[in-house]
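One structure below.
The values are calculated or read from the model by the stated rules, or taken from the named source; none is laboratory data. In this text, all values refer to a predicted model and were calculated from it rather than measured experimentally. Cβ: placed from backbone, ideal geometry, glycine included. Neighbour counts: every protein chain shown.
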Amino acid sequence: MGIIDSILKKVVLQEALIVEKTKLSDAAYKIRLKSEGIASADFVPGYFLRLGIGIDKEEVSMKDKIRSYSVWDINKSEGYMDLAIATHSKGMGSNWVEQCQPGEDVYFKWKKGNFLVDNSADSYLMIGDLSALSHLYMIHRALPAGKNVESIIYSHNKNELFPDISGTEPFDFYGLPTNPKEEIMDLVKARVSKMSGKKMVYIAGDSRICAQLNQYFRKELKWETKQIKTKPFWNPDKKGLE
Ligand SMILES: Cc1cc2nc3c(=O)[nH]c(=O)nc-3n(C[C@H](O)[C@H](O)[C@H](O)COP(=O)(O)OP(=O)(O)OC[C@H]3O[C@@H](n4cnc5c(N)ncnc54)[C@H](O)[C@@H]3O)c2cc1C
């Protein structure tokens with residue numbers, strides 16, 4: 001084992017065991033991780049993990065050793081958490097999830113960020129692609145009952161989008177091309193017109209869509225910064241992100 005991998009495993013990251021792997025659709029897997037630290041984790045919906053998917057592989061470059069994945073669900077009393085990982089990217093993360101098996105160890109670190117649940121609005125709009133679906137489900141489940149929630153969740157193939165952890169389907173799914181610049185604007189305008197009271201939008205996934213919509217909400221709709229929660233999960237010109 002290389003010295004960097006050794007430091008990552010022993011000092012920086014925590015160990016978890018893969019206890020379950022389930023195919024959610026043709027392009028996504030659910031992974032359940034058990035770890036001692038989960039029971040005492042100070043968890044806020046919206047936290048994510050840095051997962052050491054390339055550790056112990058000396059041929060893997062440093063930037064390919066770690067990928068970020070959102071916590072889709074957490075059960076502290078049983079000490080497990082679930083992730084949902086998309087495979088469209090065909091990179092290290094995608095290969096790892098295709099190949100990993102229950103019984104194997106994996107190393108992770110908690111990340112907090114600021115793409116977290118925020119109860120302060122009356123109505124919400126959730127926008128994202130397959131990679132962002134589990135994060136948006138987590139935020140949605142953490143909102144108090146009675147909030148008005150609109151949604152635009154898309155993938156090229158609508159069938160790749162999966163239900164939430166309990167089998168419910170609270171979001172509207174769309175089959176849209178990659179980087180659906182024009183299509184998404186029409187959908188957003190229709191959804192925003194249905195929102196009332198204090199409004200908030202969560203946008204995640206493709207960095208191009210995050211940037212385009214951030215601009216639209218800020219410049220055209222004149223929403224305040226705190227009403228616009230945006231988190232690019234991937235960028236077409238980059239590997240990994242964060
Ligand atoms: C805070 C945060 C939370 C995240 N949570 C999740 C999560 O819960 N589930 C999840 O699946 N991903 C999530 N991601 C994205 C994830 O970290 C990886 O970027 C993604 O899995 C791609 O990794 P890779 O090694 O397979 O491909 P990379 O080597 O990173 O990329 C290879 C190529 O694929 C492209 N690409 C990357 N992702 C996609 C995609 N979704 N669709 C099409 N092309 C893509 C890249 O632009 C690049 O050109 C999150 C990212 C961040 C920053």
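What the table shows:
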{"quantity": "Unmet criterion (only one of (1) more than 20 Å from residue 116 (Cα to Cα); (2) in the same structural domain as residue 155 (by TED's automatic domain parsing)) for residue 239", "calculated": "(2)"}
{"quantity": "Sole exception among (1) of a type in the set (Gly, Ala, Ser); (2) touching a residue at least 60 places away in the same chain (Cβ under 8 Å); (3) not in a strand (DSSP E or B) for residue 16, by number", "calculated": "(3)"}
{"quantity": "Segment 75-118, residues that are buried (at least 18 other Cβ atoms within 10 Å of the Cβ) and part of a strand (DSSP E or B)", "calculated": "80, 81, 82, 83, 84, 85, 86, 106, 107, 108"}
{"quantity": "Flag if residue 71 is hydrophobic (A, V, I, L, M, F, W, C), in contact (Cβ under 8 Å) with a residue 12 or more places away in the chain, surrounded by 20 or more Cβ atoms within 10 Å (Cβ to Cβ) and on the phi < 0 side of the Ramachandran plot", "calculated": "yes"}
{"quantity": "Residue within segment 129-141 that is over 15 Å from the mean Cα position of the chain (by Cα), of a type in the set (A, V, I, L, M, F, W, C) and not in a strand (DSSP E or B) present", "calculated": "no"}
{"quantity": "Candidates 51, 125, 130, filtered to the one that is surrounded by 18 or more Cβ atoms within 10 Å (Cβ to Cβ) and within 7 Å of the ligand (Cβ to nearest atom)", "calculated": "130"}
{"quantity": "Residue count, segment 19-60 (criterion: of a type in the set (S, T, N, Q) and part of a loop (DSSP other than H, G, I, E, B))", "calculated": "1"}
{"quantity": "Single condition residue 60 does not satisfy, out of (1) surrounded by fewer than 18 Cβ atoms within 10 Å (Cβ to Cβ); (2) over 14 Å from residue 93 (Cβ atoms)", "calculated": "(2)"}
{"quantity": "Selected residue [over 13 Å from residue 126 (Cα atoms) and in contact (Cβ under 8 Å) with a residue 24 or more places away in the chain] from 163, 180", "calculated": "180"}
{"quantity": "Members of segment 75-97 found to be within 13 Å of the ligand (Cβ to nearest atom) and more than 15 Å from residue 51 (Cα to Cα), listed by number", "calculated": "87, 88, 89, 90"}
{"quantity": "Number of the exception - residue 198 against (1) more than 16 Å from the ligand (Cβ to nearest atom); (2) in contact (Cβ under 8 Å) with a residue 40 or more places away in the chain; (3) surrounded by fewer than 16 Cβ atoms within 10 Å (Cβ to Cβ); (4) within 17 Å of residue 115 (Cβ to Cβ)", "calculated": "(4)"}
{"quantity": "Lone unmet requirement of (1) assigned to a helix (DSSP H, G or I); (2) without any contact (Cβ under 8 Å) to a residue 24 or more places away in the chain; (3) more than 25 Å from residue 50 (Cα to Cα) for residue 210", "calculated": "(3)"}
{"quantity": "Where a residue in segment 222-234 is among the hydrophobic types (A, V, I, L, M, F, W, C) and its partner, wherever it lies, is surrounded by fewer than 21 Cβ atoms within 10 Å (Cβ to Cβ) and outside any strand (DSSP E or B), with Cβ under 7 Å and at least six apart", "calculated": "228/214; 228/218; 233/241; 234/89; 234/207; 234/241"}
{"quantity": "Residues of segment 213-235 that turn out to be in contact with a helix residue (DSSP H, G or I) (Cβ under 9 Å, 6 or more places away or on another chain) and outside any helix (DSSP H, G or I), as a count", "calculated": "11"}
